[in-house]
Every structure is written in structure tokens, then in C-alpha cells.
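Where a number appears in this text, it was derived from the coordinates with a stated rule and is not lab data. On a predicted model such as this, the values are computed, not experimentally measured, just so you know. Please note: Cβ atoms are built from the backbone with ideal geometry, for glycine as well, and neighbour counts cover all protein chains shown.
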Amino acid sequence: MFGYYVSLALRSLRGTPVLSALMVAAIAVGVGASMTTLTLNYMMSQNALQHKDDRLYAVQLDSWAPEKAYQNDTQMPWELTYRDAQALLRSDIPSRQVAMHRWGATVSQENSELRPFTAQIRVTTRDFFALFDIPFIYGNTWHKSSDQNPTREVVLSKKTNEKLFNGENSVGRSINLNGEPFTVVGVIEHWNPTPKVYDLNNGAFKNSEEIYMPFGLHRQLQIYSWGNLNGWKSEDISNYEDLLNSHYVWVQYWVELDNEKKKHDYENFLAAYIETQKTKGYFPRPLKFGLTRPSEWLVVNEVLSDDNRILGWLSLAFLLVCVVNAVALLLAKFLRKAPEAGVRRALGASRKAIFSQHLIESGCIGLIGGVMGILLTLLGLSLIRTLQMGRLDQIASMDWVMMLAAIGLAILASLLAGIYPAWRISNTNPSVYLKTQ
Amino acid sequence: MLKMHNIRKSFRTDTIETHALRDFNLEVSEGEFVSVTGPSGSGKTTFLNIAGLLETPTGGQYLLDGQDVSGLNDRERSRLRNEKIGFIFQGFNLIPDLNLFDNIDVPLRYRGFNAKERKKRIEKSLEQVGLAARAKHLPAQLSGGQQQRVAIARALAGEPRFLLADEPTGNLDSLMARQVMELLEFINEWGTTIVMVTHDPDLARRAHRNIQIVDGQVSDLHQNALGNEAATA
Amino acid sequence: MLEIKPILSALWRNKIAALLIALQLALTLAIVSNASVIISDRKEKTARPTGIAVEDIITVNFQPVSQNYDMQTAVAADLDLIRPIPGVVEATHSNHFPLSGSGSASAYYNQPSQETGGEVANYYQVGAEFIQAMGMKLIAGRNFDPSDIQVADLTENRESSVVIVTKQFAEKLFPEGDALGKYIYGDRSSHPIEIIGIVERNLGGWVNWSKAGNAVFFPEMLIAEGNLFMRYLVRTEPGQRDSVFNQLEEKLSQRDPHRVIEMDTIENFLHKSYSRDNTMIKVLSVVIGLLTFIIALGIVGLTTFWINQRRKQIGVRRALGATRAAIGRYFLLENGMIASAGIALGMAAAQIANRMMVESYGQPQLPLPTMLSCALILLIVSLTAALVPALRAANISPATATRNV
């Protein structure tokens, strides 16, 4: 009977083109509006590290001022001091750990046509690639000693390797950063998690870095972070060494802890470290540290802003209006066809049959509305991309999950809209419509 | 075929309760052709709706083909209606968007016949009413008499045992009315039980038996009179 | 109005249809009024004066390819090259670009060696021509003199002894209004810095910052040893920006090709900084427009259907002597009553929704006039939408009454 009902539905839609178009438009616009914002919110909530969510932790230490918290009464700083980062790196509890920050330098090549450019660089310890599961195309990460001692080595992103070496195996070759030669030790696969879960406080939707370099180079190159540098007291800083020993927070820190026991051990380690530091006059606040999984890290960093949430709720309310609108129009449409339903009842259709027939008609409207809703969503997303001036190009796009979700939402909305009108028509007394007036 | 015992039907609005039928008793045997007459508002239509399982009585017992229908749910009643009862209305009640073929298809779909069976039955019943050539026409393209013949074809396609006709000739001129009446008599001769509501005494007289409904009850006097007439005939 | 009673009883019989229209209007009012208040809040925010000649300023950021670089000489040569370009009003160097979303901030005090009670401000290390190059208005005191300029490094140890501040910042630290000539101090610092000038306004680096508008300008050239970079701000005559822009990069890289140059405009920075607010404004406006359109269509559709259902009744009324105007008025009145009920419900819904938005998402309160004007507009939209079918109803012929359908 399903096929019969569908053919009846299509015939009925053709029979009242204006009313049907209105309903399809209502559903399409409602779905388009909600899917535009839901797609944004969904893409902004993606966790590229989901598969390691049970082992990776962002580390926070509350090294902030005695009289007030870093933000909002309770918030710890997002980053660590260089001093604390160096101390944590000495622990052997985590199977992998990463101290890192954003930087940038000019890139040039000897005897090359390439125009020098400024590259985004990640200054990091060697575990970065293994901890975040980034495969290498060529070579590998640098040696452990490079995390402490200055070694002029770099790992290139796939794109940078294409730009500089046409994608060839460039391991062992040389590039200049800020005019100084560095040796390429590895090239990684394309890796650009959006949102940039491993570095959320420098713009959650920025691209991954173009070049990676060892953490042991700070003193030699006098590297100042291209991220945030936050402090709470004035210290007499007259040279770079003073900065490294200062209370300024600017180093991001991640650990990989294999199991609950390791996590527990590491918590004890952090607590003990803070206690020791307290005796030396550091960590004036109550003992507090944070180990946060990637999924929660995205939440606490408010990647999904209040504006996004407002738009999300608003568009759902919009869809609700469209559904109510569709209820009214469907009611009008079905009641107009009430005499036909009466005849069908007389000819042996049960209430359930009439109900199904009309619900399927609503579903057909939903299906068409869903397809048009996808088009409107694509339009809405391109509007967002334009308005956000390139900031959200990666985010404002639909994957097949969202396409299916759009169709599903449209059908769900139209079925919801259809329930009452279909029930009403299937429950009217057929004899009313059979008697000639 | 049809047996009603002490059937009551009352309608209740916010303020008043009206009795459409009360202590209504009637028996129609297999193969009978019964006409039902009565002044408007007497309960003819209510009787027809109850007989056709479109409405449920407020009280009393109704046996259709020996089966007590009062305890049946909507699905079972619909199934019975589909299999055993055919309807013919004064206003024809063809579905205007569907062509003749698809109109006759409607009850067969609910019956659950396969496409081949449906096609066979539709063609046969259209042939019976002499409209086989116009299967693809829409109802609006036919005259009133032709439309009523299609309605009869639709009612007969499922081969019901029992045909309910509500003023089947009310919207037709006398020539067409006569043709439709002849068709009904022909159908009855082939064994289908017919109950026909009409206000035309000439038509009513052509039935085997006439009952009159007055104030929601079968008027005894009239039934007796006709009964006597039948007896003396 | 004699008609109100029969309308009410007719509505009661069609209560679901009436309820559906009222519900749509209620939800729409709740959405539209809350969206409007967000829009006007964001419009107010993005319309704040910036204090600078946003449309006329080009930004240049360069990094020498090698760190062995004489930055001071390069800056002097670059500025000498830029200033004579036709259309250029003024050019200077700065450590940050205002409105760009990046900047530095620090706390300042009106007493030496303080740790609390200061006021945080964006600080800029700028050339002597900064005020002219930004098109800012000096409202008190004097401008920088080239002799004020000190060379600074990244360690934030303030060398300069003079500063120009924004009026907003001056009033925060010196509420008496006598900031000019007074001294400010860095965190726990005893080094006095004299306020030599006050500018009318500068929104600073972060437009979303709660203290945006607190800005101080030190006459310093930042030379970040080991991380050399330099930034120029070039103000052009109105309308000349784009033509100057095209010559600028070429001239700069011609003079010294061993560097990476990135150019942009303050206007572009401003758009980017406000992109989130502009997105909200545009998206919410689209939502309001579409929603109003959808419910208007819905009302047309439903009223048409409803009137068709009652064609015969209308015909009878006409046959019994009702004028066209009376029929039209009947349906308009009917719609007006439904709409009023919906809007009354919507006002309550709008307030509830607003309370949630204020509490959960820090949005502005919904002022009564905004809500009432939204309500009025919706009522007009509803009546206009009902007018089309109502006029059609008025044209139903009295003969309909006698015709058998």
C-alpha cells in the first residue's frame, strides 16, 4: 500500500500546487535555517582527537596571582610558564608529552626562485607527531636531545614540502628560517584538524602550522611566542633568560597517559610539584591543576560561542514556526479533501489507512522540502562564509552526515506537522461527506 | 443478511440530545431488494450509515450476514465494509482527481488484490455498466447517469453481497434514473441484496418490499400494509 | 461592534485553525523581538566611532629575511620613501595595528609602585607622527616630537617619560578631568610617565574587549632582537588608498628585497574584527524577514481556505443584505482578534525567551518599546495578509447561497 499512498500523495500535491508549494517552502526554509546553524555548530564541535579522547589530556597549572583567578573567578591560565613546562618535561609518567607554542619566521632558500615568505611555525617537543597521531611521509621527528639542546632541524607540513621541494623527499635538505640554515628531518601528511583542538587560544579555526621545530632552540633564537603572553605581576625582565624564568604563561602542554593508574600517578606528580614550588614562593593560589580530555577541552575553551548557541536555538524556534505553519496548511489541505476521505472510508478504508495515506503525503512534502532545504543550507553556509571573511571556510560546509540529517529533519518535521491533520481527517465521520448537501 | 434489533442512535450536542433512531427493528433476507422511505429527518440516513458500518449505534444489536458487528474495531468494520458492502450515493461521490479506472481501483486496493486481479475486476465491472471505453476519463467528463453507473461499477467491483443505495437517482433525470434503476434490478437478480433509501414512491414500489421510517422507527402500519399487499399479490 | 459575538462563536468552532495562527504569531513575535534587540545591540556596537580614519589607512608588516638587519636605518629609509608618494598624508611605525584583533595591554596607575587599583589599557609603541597617521584628534596638550622617540625592546621596560592617552583612559585614571600634565606609572614601577596629550578616541586593538577605548601611546620604536619585524601605518588622502596601496609594496621591496612584506588595510581589519557581529546582524535580519514572509503566506493560505469553507455562509449573509464592506470587515476583524491573542501570548513568550538569553548568553534586555513595535508590525503584517482573502470573500456573489454545490 505504501507505493499506492505515495502515488496518491504526489497526485494530491499536484492537485493543489499553490498550497503544496507553500508547505514545501515552509519546511524548506525552516530546515535551511536550522541546518545552516546546526551545520556550523556541528562542525565547530568536531573533535579530531576523538579516537584518543581517553588518553590525551591538556595540562593546566594554577600559577596565577594570589588575589584573583586568571578569568571569571575560577579559571586557570590556559598555558604554562616556560619554567613549569621544563619541570613537567622531566616526568616519565606520561608515555608522551608535548610542550609547545606558536611562532613564525621568514622562510628562504639559497639559490632559489622562491620568494621568501613568513611561515607559521610550531615550536614543540618531539612527541607532538606521535601524541596527536600524525603520520610521516618522509623521515621522522627529531631526536629527543633536540628538545633540550639547540638543534637546527625542522619537520615540514606536506604543503610546505610541496611549496619548497615540489613534494620530493626533502629529508637532509636545507631551508633558511630568519636567514639561518635548518635541516629537514621529516615531512608529515596533511593534518589540519578543525577546530584546531591542540591550540584553541590562538584562533580555534586557524590552519595548522607550516613548519615544526624543536623545543630546545629558545635560548639560541630568542623565540618569543606568537601566541598569548600573559602575566600578572611586574618582574624585572632585562634579557631573554629573565623571560624564560618569569611568571609569564605562554607554553601549551599535552600529555598522553595510558591508563587510569598513570593518570592517578601523574595527578600525584603534579600535586607534589606544585607543593614543592609553593615552598619556593611560587604558586600563591590554592593548589589546583587541570587534566582535560580533548572533548572537554573544546567545551571549556568555548569553541562554540554564545552567538552560535543563540543562532542554534533561534533556528530551531524558526523551524518550530515553520512546523506550526505546515500544520495549519496541511489541516486546510486535508480538510478540503475530506469528502474523498469519506468516500474511501465507505469503500472500505480503515481509519488507519486514511491516517497512513495522509501522513505519507506529509512525509512527501517533507522529502521535497528537505531536498530544497539542503540547497538553502548550502546558500546559507556560503552567506556565512562571505560574512566571516574566510575565517570559517572549513567550518561552513556540509558533509554527507549533515545532508542526511537535513532530509531526516525535514521528514521528521513534516511528519510531526502531519500527525494532527492526518488524525483529524481519519477521525471525521465519513457520512457527513457522503450525503449530498 | 441484515438483522437489526432494538437499534438506538442518539446525537448529543452541548445542549440537546436527539434520537435519530430508537427501538429500530429490521430484517432483510439474502437476495431481497428493500426500499426505505420516510420524511426527511426521520432517520433514513442514520439507518443507512449504521447498516453500512459508517456509524456505530448507541445501543441495540446489528447482525450483518449472521455476524454481530457491535464489538468490532474500526479495522474489522472497514474490512467487512470493503468485502461485503457496496455503496451508491445520490451525489455519486466519485473522486474527482481520479479517472474511472482509478476510482474503481480504490476499494480493490484496500481489499489487497494484486495488480492483475484488480485490472481484471475493474475492466469487468466497467464493461458491466457499459463504460469500458472511457476508463481513462475523469468523472467530470461524464454525464450524471454515466457517473452513477461508474459509482455502481465501483460498488460492484469487489463483488459485495450487500448494496446500500442512498437516493441513487436523486440527481438524475427520469430517463437516466430509469436506466440506473434497471441496472440495480439486474444486479439484484444476480443475487446481490439491495437496500435503497429513496423518497420517490414510484421507485420504492419497484422494490420487493418497502419500509417506512417515521421518527426513527420502522412504521409498523406501513410495513404491514405493504406486507399484506405482497401477500395478496 | 455587533460582530464580535458571532466571530467568537465561529472561532470557537474552528478553534484549532485559529489557535495555529495565534501560535505562529506568538512564536514569531518571541523570535523577532529578541532578534531585533540583538541586532540593535550589535549595530550600536559596530557603529561606535573608532577615533581614526578607518577608510584611509594602509598597514604594512615586514620581517627581514635575516636577523642580521639594521632595523632603525631601514625604518628611516622606508618612511622617507613612503611619505613623498602622491596621495600619502603621513606614515609612521607602530608595534601593533589598531582594530586588528592583536595588541598588548598592561595596567597603569596614578601613583608610583602600585599593584592594585590601576586601569588596564592597550599600549602602543609608535612613531612621532602616529596621531596624524591615524587621523586621530588631539583634544588637549601637545603632539609627540621626534626627539621623544626612544628605542624599546620586547622586555617591556618602559624607557619613555611621555605618553599620549585617550580621553576615556584619562577620565578613568583621573576622574577630575585634570589628566594633562599628570604622571602615570607601570605595574609596581616608580618611573613617572607624563601625560603630554589627550586624544579624543581610539578603540584600540580588540573591539570585543570590555575596556576597548582604553589606549595609551608611547613614543618608542620597538626593535625585537631575534624576532625582528616592523609595522607601518600609512594614511592617504580620502579615495587615494587603493592606488597608493598598489605602488607601496613594489616600492618597498624594490628598496630592500630581503624581507617579507604583508599589506592590508585598517578597514579590512575592522570588518574582520566585527565579522561575528555582522554575521549576527545579517543572519538575524534574514531570519526576521523569512519568518515574517512565511507566516504572512501561512495566514493568506489558511484564511483563504477558511473563507472557501464558508463560501455558502458568506453567500447567505450577502443574500440577507450584508454589504461587501461588512463581509470584508468581518474577516479582518476575525483575523485581528486571532492576531491580538497570538501577539499577547507572544509578548509573554518574548519576555521568557529574553530572560533566558540574558541569563545564559549575556544578551541585552528586551526593552518594552522594541517589543511593542515588533508586536505592532506583526499585527499589521497579519492584517495585510488577511486583507487579500478578505477582499475575495467580499466579492462572493449572493447567488452562491442559492446554488447547490
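Kindly identify chain A as rounded, prolate or oblate by the Cα gyration tensor criterion: order the square roots of the eigenvalues as a ≥ b ≥ c, call it rounded if a/c is under 1.5, otherwise compare a/b with b/c, prolate if a/b is larger, else oblate. Working shown, then result.
Working: a/c = 3.36, a/b = 2.34, b/c = 1.43.
Here chain A falls in the prolate category.
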What is the mean number of Cβ atoms from other protein chains located within 10 Å of the Cβ atom of each residue in peptide A:300-312, rounded to a whole number?
3
Theoretical FRET efficiency, 1/(1+(r/R0)^6), r = Cβ-Cβ of C:K137 and C:N395, R0 56 Å, to 0.05:
0.30
Can you list residues from other chains, or at least 5 along the same chain, whose modelled amide H is less than 5 Å from the amide H of A:N230?
A:V249
Go through C:311-323, B:168-180 and give me the packing order, highest mean Cβ count within 10 Å leading.
B:168-180, C:311-323
Relative contact order of chain A, please, whole-number percent, based on alpha carbon pairs below 8 angstrom and at least 6 residues apart.
28 percent
List the DSSP H helices in chain A whose Cα atoms stretch 27 Å or more along the helix axis and whose mean Kyte-Doolittle hydropathy is at least 0.0.
A:17-44, A:306-336, A:351-387, A:400-427
5 angstrom amide H check on C:V151, placed H, neighbours 5+ away:
C:M221
Gap separating the Cα centres of segment A:295-327 and segment A:56-123, nearest whole Å
33 Å
Based on the alpha-carbon gyration tensor of chain C and its eigenvalue square roots a ≥ b ≥ c, which shape applies: rounded if a/c is under 1.5, prolate if not and a/b is larger than b/c, or oblate?
prolate
What are the ³J(HN,Hα) couplings of segment C:143-154, residue after residue, when phi is run through the Karplus curve with 6.51, -1.76, 1.60 and θ = phi - 60°? Round to Hz, x for glycine and proline.
7, 5, 10, x, 6, 5, 5, 10, 9, 10, 10, 6
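Looking at segment C:66-257, send over the antiparallel percent of its DSSP beta bridges, to the nearest 5.
60 percent
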Taking every DSSP beta bridge that has both residues in the protein assembly as shown, what percent is antiparallel when rounded to the nearest 5?
70 percent
Can you show me the helix-derived [θ] at 222 nm for chain C, built from DSSP H runs with n ≥ 4 at -39,500 (n - 2.57) apiece and divided by the number of residues, rounded to the nearest 500.
-16500 deg cm²/dmol
Whole-Hz ³J(HN,Hα) from phi, Karplus 6.51 cos²θ - 1.76 cosθ + 1.60, for segment B:121-128, glycine and proline x:
5, 4, 5, 5, 6, 5, 5, 4
Rounded to the nearest 0.05, FRET efficiency between B:L63 and A:L375 (Cβ-Cβ, R0 45 Å) equals 0.15
With runs of 4+ DSSP H residues as the only contributors, calculate the mean residue ellipticity of chain A at 222 nm using -39,500 (n - 2.57) per run, divided by the residue total and rounded to the nearest 500.
-15500 deg cm²/dmol
In terms of the charge dipole of segment C:66-257, which places +1 on Lys and Arg and -1 on Asp and Glu at the beta carbon, the residue among C:G204, C:P175, C:N95 farthest towards the positive end is C:P175
Total charge dipole magnitude, the protein assembly as shown, about the Cα centre, Cβ charges on Lys, Arg, Asp, Glu only, Debye to nearest 20:
5340 debye
Report ³J(HN,Hα) in whole Hz for each residue of segment A:169-179, in order, from the Karplus equation J = 6.51 cos²θ - 1.76 cosθ + 1.60 where θ = phi - 60°; Gly and Pro get x.
5, 9, 4, x, 8, 10, 10, 9, 10, 6, x
Spin-label point model (7 Å from Cα, Cβ direction): what's the B:E117 to A:A271 distance in nm?
7.7 nm
What number, in percent, do you get for the relative contact order of segment C:66-257 if the mean sequence gap of Cα pairs under 8 Å and at least 6 apart is divided by its residue count?
33 percent
Under 5 Å, built H, 5+ apart or other chain: amide partners of B:G60:
B:R8
Can you order the peptides C:56-68, A:167-179, A:324-336 by their average number of other Cβ atoms within 10 Å per residue, highest first?
A:324-336, C:56-68, A:167-179
Assigned charges on the beta-carbon of Lys, Arg, Asp, Glu; segment A:50-300 dipole about Cα centre (debye):
20 debye
Euclidean distance between Cα centres, segment C:10-41 to segment C:57-105, Å:
56 Å
Per the charge dipole of the protein assembly as shown (beta-carbon charges, Lys/Arg positive, Asp/Glu negative, Cα centre), the residue among C:S253, A:T160, A:A26 reaching farthest to the positive end is A:A26
Spin-label model distance (nm) - C:A76 vs A:N245, 7 Å beyond Cα toward Cβ:
3.7 nm
Enter the Cα centre distance for the pair segment C:240-282 and segment C:351-390, rounded to the nearest angstrom.
41 Å
Given Cβ charges of +1 for Lys and Arg and -1 for Asp and Glu, the option among C:F130, C:G239, C:G141 whose Cα lies farthest towards the positive end of the dipole of segment C:66-257 is C:G239
Taking square-rooted eigenvalues a ≥ b ≥ c of the alpha carbon gyration tensor, is the protein assembly as shown rounded, prolate or oblate, where a/c under 1.5 means rounded and, failing that, a/b exceeding b/c means prolate?
prolate
Let me check I've understood the local charge: for A:P195, count other residues with C-beta under 14 angstrom from its C-beta, Lys and Arg +1, Asp and Glu -1. What total comes out?
-1
